[in-house]
Amino acid sequence: MAFDFSGELILENERVRLRPLSENDTKNLLVFSQNEPSLWEYSLQAAAGEQALKAYVANALQGRTNEKAYPFLVFDKRTQEVAGSTRFYQFDFYHKCVSIGFTWYGKEFQRTGLNRQCKFLLLSHAFDVLDMERVEFRADARNQKSIEAMLALGCVLEGTLRSNCRASEGRRDSVVLSILKFEWENGGRESLKVKMH
């Protein structure tokens, strides 16, 4: 199935709303950029500080224009506040694979269950609507918190790509994890549903 990069895709449930990121969202995310620079400690593109955030958003939107990524703004319905951002990227429709990443949330939204809600929506769309066979996740090998969160979603740890990309300081090793459609349809979806409540 083709993906409409120009369309306004909204994914939501009773807890969270994911809507397309826009240039105007710089002002919505600025509080995190100015006050929580550690959010991007392991990110491939830091967004700490107003100018860095503008570049981050512009890069995310360019990915959408180039049909390489689809970035979202994350809105927490429980608190009625913007919580962070995430995206689909590395679409490969021939091999039916997509990645989910560039995910970050303000500190007050971490460990609240919000991430599982977001990932459930994204995984459901990837497998059930886009008919993907594989969803991949990557993390800096030093980012144990992120790796643990992905394992808790039901991801399978596949291995480590050594020095595979640039990092803010030199290069990094990337841990690769994934969920396959077969796993999602045979217990993965229900397991994650249980963890959400």
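In summary, G49 fulfils each of the numbered conditions (1) of a type outside the set (S, T, N, Q); (2) open to solvent by less than 30 Å² (accessible area, probe 1.4 Å); (3) within 17 Å of the chain's Cα centre (by Cα) with the single exception of condition (3).
Under the condition of being in contact with a helix residue (DSSP H, G or I) (Cβ under 7 Å, 6 or more places away or on another chain), touching a residue at least 60 places away in the same chain (Cβ under 8 Å) and either over 23 Å from D128 (Cα atoms) or among the aliphatic types (A, V, I, L, M) (or both), the residues counted in segment 150-197 number 2. Can you pull out every residue in segment 9-40 that is in a helix (DSSP H, G or I) and surrounded by 14 or more Cβ atoms within 10 Å (Cβ to Cβ)? Result: D25, T26, N28, L29, L30, F32, S33, P37, L39, W40.
If the condition is being surrounded by fewer than 18 Cβ atoms within 10 Å (Cβ to Cβ) and not charged (D, E, K, R), then segment 179-197 contributes L180, F182, N186, G187, S191, V194, M196, H197. Has segment 58-67 got any residue that is more than 17 Å from the chain's Cα centre (by Cα), among the small types (G, A, S) and open to solvent by 40 Å² or more (accessible area, probe 1.4 Å)? Looking for residues that are more than 17 Å from the chain's Cα centre (by Cα), among the small types (G, A, S) and open to solvent by 40 Å² or more (accessible area, probe 1.4 Å), one finds none in segment 58-67, hence no. You will find that of S6, S43, the residue that is closer than 20 Å to R111 by Cβ and either of a type in the set (S, T, N, Q) or buried (at least 18 other Cβ atoms within 10 Å of the Cβ) (or both) is S43 and no other.
If you go through segment 91-137 and keep only what is in contact with a helix residue (DSSP H, G or I) (Cβ under 9 Å, 6 or more places away or on another chain), open to solvent by 30 Å² or more (accessible area, probe 1.4 Å) and part of a strand (DSSP E or B), you end up with F102, T103, R134. With respect to the conditions (1) open to solvent by 50 Å² or more (accessible area, probe 1.4 Å); (2) under 24 Å from K119 (Cβ atoms), K54 falls short on a single one, namely (2). Considering only segment 70-86, state which residues are touching a Leu at 6+ places or on another chain (Cβ under 9 Å) and either farther than 17 Å from S124 by Cα or open to solvent by 10 Å² or more (accessible area, probe 1.4 Å) (or both). Once the filter is applied, which keeps residues that are touching a Leu at 6+ places or on another chain (Cβ under 9 Å) and either farther than 17 Å from S124 by Cα or open to solvent by 10 Å² or more (accessible area, probe 1.4 Å) (or both), segment 70-86 yields L73, F75, D76, R78, V82, A83, G84, S85. Residues in segment 159-183 that are within 22 Å of K119 (Cβ to Cβ) and either assigned to a strand (DSSP E or B) or among the hydroxyl-bearing types (S, T, Y) (or both): G159, T160, L161, S174, V175, V176, L177, S178, I179, L180.
The values are calculated or read from the model by the stated rules, or taken from the named source; none is laboratory data. Everything numeric in this text was worked out from a predicted model, so none of it was measured. Counting neighbours? That spans all protein chains shown, and the Cβs are built from the backbone with ideal geometry, glycine included. All accessible areas refer to the heavy atoms of the entire protein, side chains included, with ligands and DNA or RNA removed. Shrake-Rupley method; radii C 1.70, N 1.55, O 1.52, S 1.80 Å.
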